[in-house]
Each structure stands twice: as structure tokens, then as C-alpha cells.
1. Right, Ala85: surrounded by 13 or more Cβ atoms within 10 Å (Cβ to Cβ), small (Gly, Ala, Ser) and in contact (Cβ under 8 Å) with a residue 40 or more places away in the chain or not?
2. From the list Glu60, Glu74, which residue is at pLDDT below 95, in contact with a strand residue (DSSP E or B) (Cβ under 9 Å, 6 or more places away or on another chain) and over 30 Å from Gly10 (Cβ atoms)?
3. In region 107-128, what residues are crowded, with 18+ Cβ neighbours inside 10 Å and under 20 Å from Gly172 (Cα atoms)?
4. Quick check on region 39-56. Is at least one of its residues over 30 Å from Ala214 (Cα atoms) and either touching a residue at least 40 places away in the same chain (Cβ under 8 Å) or of a type outside the set (Gly, Ala, Ser) (or both)?
5. Please go through region 43-72 and give me each residue that is farther than 21 Å from Val221 by Cα and crowded, with 19+ Cβ neighbours inside 10 Å, ordered by number.
6. Consider region 33-48. How many of its residues are in a loop (DSSP other than H, G, I, E, B) and of a type in the set (A, V, I, L, M)?
Amino acid sequence: MTPGPQRFAGLAAYLIAPLLLAAMIALNGTRSETYLMGDFRAFYCAGQVVAHGANPYLTEPLRACEASAGPPAEPAFLRPVALPAPLPPYALLLFVPFALLPFPLAAACYGALLVGAMMLAVVLLQRVTGISALVLNLVFAPITATVTFYVGQPVPLVLVALAAAALLLRSGRWAAAGACAMVATIEPHVALAAVAGTAIAFPRTRLPMIAWGAVLAVAAVAGVGWPTTISYVRDVVPARSGQVS
């Protein structure tokens with residue numbers, strides 16, 4: 001393959017995941033009940049709960065918000081229960097701005113953010129690994145489109161942070177790398193191994209990661225208060241650990 005067509009194929013590969021997502025939406029239709037952006041609905045409602053100064057880890061008012069957020073409606077069998085939003089308090093702060101928008105608009109904006117974040121993650125991973133964008137997109141696209149984009153999981157944001165951390169480590173930018181690694185803890189169970197490995201392999205990132213960990217802790221307390229932060233550590237973390245194990 002000549003450089004021109006090869007470059008075009010690499011650029012076109014970035015459209016694989018968005019096109020798969022569009023195909024899934026087209027096949028499933030815009031029915032009155034769907035799990036399209038179903039996980040995002042929980043995060044959206046958690047952001048709304050946080051904005052009103054309540055505890056996003058309790059059943060109410062999370063369940064009431066999820067049942068009435070707006071189209072597309074979640075499946076009827078899920079409406080009597082509250083889908084949890086078991087992210088750390090500082091991660092839920094990311095969803096407060098989305099919660100100020102009507103749910104359909106918020107879901108569209110969030111979906112665009114996920115697609116953009118995944119594209120950026122591939123660009124960074126290409127620079128870190130030397131693997132072509134075409135191969136990386138072919139590997140990631142089926143997973144990101146069907147599991148992440150469709151339901152609205154924030155994994156692409158984590159991948160961007162981890163890829164940026166890896167790239168910064170290669171250039172010896174320890175403080176920035178540590179900061180990116182800690183940003184990835186918006187999904188702690190995904191980022192924990194990378195954070196631990198970074199701290200062990202690159203001692204000069206330890207202080208920056210501790211400092212950024214303190215910043216995130218302050219953000220959590222400032223955003224939701226001590227009682228809710230303690231509730232997350234005491235109740236949500238053990239329950240989530242049991243699910244992961």
C-alpha cells in the first residue's frame with residue numbers, strides 16, 4: 001500500500017467506531033424504551049443529585065431522576081430500581097455540567113465527548129507504541145462502540161489519561177505523568193494497576209501523584225461534603241470491590 005492510500009486508510013479508521021455506534025442506533029431504532037446511554041443516565045442523575053446537594057449513592061433521589069430523565073426512556077423493568085453511579089465523588093463532579101442540560105442534549109454532548117476522547121487516545125497510543133492507527137482502531141472499535149459508546153461509560157476519558165501518562169513518562173515529565181495517572185482514577189478499578197505500576201517503576205512520580213490525590217480528595221469533599229465522601233469510602237468501595245472480584 002502506497003503512503004497516500006495508507007495514510008487515508010489510517011485516517012478513515014477513526015470513523016469505524018462512530019459508524020458502528022450509528023449502525024447500532026439505527027438497528028435498535030429510537031424506541032420508547034432502550035438502554036442507549038443507559039449507564040450515562042445514572043451518571044447524569046448522580047450529577048443532578050450532587051448539584052442539589054444530596055447524596056448520589058442513595059437510592060433516592062437517584063431512582064426518581066432515572067425514571068423521569070427523559071427520552072430515550074430506560075427499559076420498564078429497570079424503572080423500579082436505581083442504577084448506581086459508583087464513581088468517586090470527584091468523578092461525579094464531571095457530570096454536574098451535563099445535568100444542567102435536558103437529558104437528550106446531555107447524552108448527545110457526552111457521546112461526542114467520548115468519541116473525541118477515544119480518537120485522541122488512539123493518537124497518543126500510536127505515539128507511545130508505534131502501532132498504526134489503523135490497527136489500533138480495528139482493535140478498539142468493536143469494544144468501544146458496543147460496550148462504551150452505546151451505554152455511556154467514561155472509559156475513553158481514562159484511556160486518554162493513561163495514554164498521556166505513558167507518553168509523558170517516556171519524555172521524563174514526571175509531574176505531568178503523575179497528574180495524568182491520577183486523573184485516570186475517575187475509574188479507580190481501571191486505573192489502579194497503572195497508578196501502582198507507575199509509582200513502583202518511576203519513583204519520581206510518587207510525590208506528584210500524592211499531591212494530585214490530595215487535590216482530588218479536596219475536590220470530593222468540596223463537591224459533596226464529608227458525609228457523602230465517607231459514605232463512598234465506607235459503603236460503595238467495599239461493594240464495588242466485591243463486584244470486581
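1. yes
2. Just a single option satisfies the conditions, and that option is Glu74.
3. Selection gives Ala121, Leu124, Leu125, Gln126.
4. First pass over region 39-56, keeping only residues over 30 Å from Ala214 (Cα atoms): none.
No: region 39-56 contains no residue that is over 30 Å from Ala214 (Cα atoms) and either touching a residue at least 40 places away in the same chain (Cβ under 8 Å) or of a type outside the set (Gly, Ala, Ser) (or both).
5. Result: Cys65, Glu66, Ala69, Pro72.
6. The first filter runs over region 33-48 and keeps only residues in a loop (DSSP other than H, G, I, E, B), leaving 34-37.
Still in the running and of a type in the set (A, V, I, L, M): 36-37.
Matching residues across region 33-48 total 2.
The values are calculated or read from the model by the stated rules, or taken from the named source; none is laboratory data. Fair warning: this is a prediction, and the values are worked out from it, not measured in the lab. Every residue, glycine as well, gets a Cβ built from its backbone with ideal geometry; the counts of neighbours run over all protein chains shown.
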